[in-house]
Amino acid sequence: MERLWSAMDVVATAPARPRARLMPYVYAGLLVGVGAIARLALDPLLGDRVVFLMFVPALIVAASTGGLLPGLTATAASVAVGVALLARYGVILGNQVDASLFACLGVAVAFGGEWLRRARSHAAEMTTHVLERQDHLKSILDTVPDAMIVIDESGEIQTFGPAAETLFQWSKSEVVGQNVRMLMPSPDREAHDSYLEHYARTGERRIVGLPRTVTAQRKDGSLVIVELYVGETGSGDRKFYTGFLRDLTERNASDARLRGLEAELAHISRLSAMGEMASSLAHELNQPLSAISNYLKGGLMVLQRENPKSRALGPMDKAAEQSLRAGEIIRRLRNFVASGDTERSQASLKTLMEEASALGLVGARERGVTTRMEWDPAVDGVLVDKVQVQQVVLNLLRNAVEAMEDVERRELHVKTGMAPDGMTMVSVADTGCGLSPQIADQLFEPFVTTKGAQGMGVGLSISRSIIEAHGGRIWAEPNPLGGTVFRFTLPAAVSGSSPGEHRLGFPSNSIGT
Ligand code: ADP
């Protein structure tokens, strides 16, 4: 390829400048003059014969360098000078015929010269065009992010693009002309020549036209996993193979990161589901435990009165004590899960949202969801338990993405802004299926789901617990574009304020609780 380019390195003929256009006339004038002088010098030898032959060089030079007009001018000048020379011998018919034949020859040569000139200028234009195309192609190939290597049939490197230099750490001058096997580790290094030979002999495609993941070797000996696409071109008798190599290191790393995020996401989901279940169980168990404790205390009093020496008194007393303890454990658990031990601190809403989105939107793009984020810099500081609020955002994002699974338009719009009373508001709008009317009234109650076995129906209820524990509100409303908008408010981090001071009245257009 390199050679191909340099072979085409022909300087295009520049468009003729005024001076260059005059030159054929100058040549014609000079050569007619020289022809006349030479003919005068030969007068004693030739007499009145062989006059016009002396002007043929003027004719050819003028027509071939300037085309039609200079050719005709040279013809006219030659005829005029020739006739003047012959006039010295008196005008005879033979000389007139001679002059006429020369004039005809001159016109033919002028046309021939013109044809030649046009063909030359067309060829020059084509060359310029080819050179431009070649430059364009080269600039494209130089900027493609993939490393490009061209080899010939024997494996000799012809071209080594800039991205290949970066990938392999070899410079172009070090590798061009070498065998491409130097860029491979064993066993490919030893076997590559035979691969090429096998392909040339059988035409059986093992890699040409079939993208493959292969291992390449850098200058320092380190290995790099690359995706390789090989194409084939023929130039004359020679065949070239062009290889595009994409470094997969970054992609493999981001795949691993993605898998890590997915695992973390699944873990967080499980944790929040279990937390909410524990809270609900605690709620359900609290009353029977209180009843057990009360019955035991009542039974103890009756037994003490009727049989103060009974041996059952001790165990019953202990049972009552334990039921109180169980009640206390459950109370603490509920407090912890629902609203209790929260670690509030000032946080950047944008950062909090971006981190949660990185987790919540894993796989969203692959499902065809386009996401738009809008952060209002005026409301960035919030006073929150960051992890808990991220749990809420995560849940809203995942619900939104899931709601858009069966619809055509999949747009997610996440936004922060000011709520009417100075609180900070976050909204997550989707263009999904909208809320099911059956559950719209109990959206934030535990175990309300439309997702069958896939859903636990606890995400929104725990979200409400968290947001209300922060002094905010969460609600849902229909999206004018179709789908649903979930909004929640949070106290802005204003010094000297407490979350309670920001408590909001419930928005009039809210649905849900
Ligand atoms: P789960 O997602 O496990 O069902 P959630 O409490 O998070 O539990 O959601 C409860 C129900 O609310 C969902 O089953 C779904 O029917 C409805 N829902 C939540 N978010 C959306 C949304 N963005 N669009 C439509 N329906 C939603």
State, as an integer percentage, the relative contact order of the chain based on alpha-carbon contacts under 8 Å between residues 6 or more apart.
8
In debye to the nearest 20, the charge dipole size for region 43-196, taken about the Cα centre with +1 at each Lys and Arg Cβ and -1 at each Asp and Glu Cβ, equals 940
Find, among the trypsin sites (Lys or Arg not before Pro) in region 398-486, those assigned to loop by DSSP (not H, G, I, E, B) with at most 15 other beta-carbon atoms within 10 angstrom.
Arg409, Lys451
Report the rotationally averaged projected area of region 277-414 based on its alpha-carbon convex hull, in square nanometres.
12.5
Contact order relative to length for region 3-162, counting C-alpha pairs under 8 Å separated by 6 or more residues, stands in percent at 24
Expressed in nanometres to one decimal, the distance between label points 7 Å along Cα→Cβ at Leu281 and Lys309 is 4.5
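What is the Rg over Rh value, at two decimals, for region 336-444, using alpha-carbon atoms and the Kirkwood definition of Rh? Display every interim value, and only then the final one.
On the way: Rg = 14.8 Å, Rh = 15.0 Å.
Result for region 336-444 is an Rg/Rh of 0.99.
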List residues of region 23-53, by number, whose backbone nitrogen lies under 16 Å from a label position 7 Å along Cα→C-beta of Arg88.
33-53
With +1 at each Lys and Arg Cβ and -1 at each Asp and Glu Cβ, the charge dipole magnitude of region 411-500 around its Cα centre, to the nearest 20 debye, comes out at 120
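What percent antiparallel are the DSSP beta bridges of the chain, to the nearest 5? Spell out each step's value before the answer.
On the way: 50 of 56 bridges.
So the antiparallel bridges amount to about 90 percent of the total.
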Extend 7 Å from the Cα of Leu223 along its Cα-to-C-beta direction; within region 157-189, residues with backbone N under 19 Å of that point are 167-169, 181-189
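Could you tell me the relative contact order of region 280-416? Use alpha-carbon pairs under 8 Å, at least six residues apart, and round to a whole percent. Can you show the working numbers first?
Numbers: 125 pairs, mean separation 33.7, N = 137.
Rounded, it is 25 percent for region 280-416.
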In nm, spacing of pseudo-spin labels at His198 and Cys104 (7 Å Cα→C-beta vector):
7.3
Magnitude of the Cβ-charge dipole (Lys and Arg +1, Asp and Glu -1) of the chain about the Cα centre, nearest 20 debye, reported as 220
Theoretical FRET efficiency, 1/(1+(r/R0)^6), r = Cβ-Cβ of Thr351 and Ser171, R0 41 Å, to 0.05
0.45
State the extension gain, in nm to one decimal, for the chain segment bounded by Val208 and Tyr295, taking 0.36 nm per residue of separation less the distance between their alpha-carbons.
23.0 nm
Using the Karplus curve 6.51 cos²θ - 1.76 cosθ + 1.60 with θ = phi - 60°, work out ³J(HN,Hα) for each residue of region 106-123 in order, rounded to whole Hz, and write x for Gly and Pro.
x, 4, 4, 5, 4, 5, x, x, 5, 4, 4, 5, 5, 4, 5, 5, 5, 4
If each K or R counts +1 and each D or E counts -1, the residues other than Glu374 whose Cβ falls under 14 Å of its Cβ total 0
Starting from the Kirkwood Rh over alpha-carbon pairs, what translational D in µm² s⁻¹ does the chain have by Stokes-Einstein at 37 °C and 0.692 mPa s?
99
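Each reported figure results from applying straightforward, stated rules to the coordinates on display, with no laboratory input. Quick caveat: nothing in here was measured; it's all calculated off a predicted structure. Please note: Cβ atoms are built from the backbone with ideal geometry, for glycine as well, and neighbour counts cover all protein chains shown.
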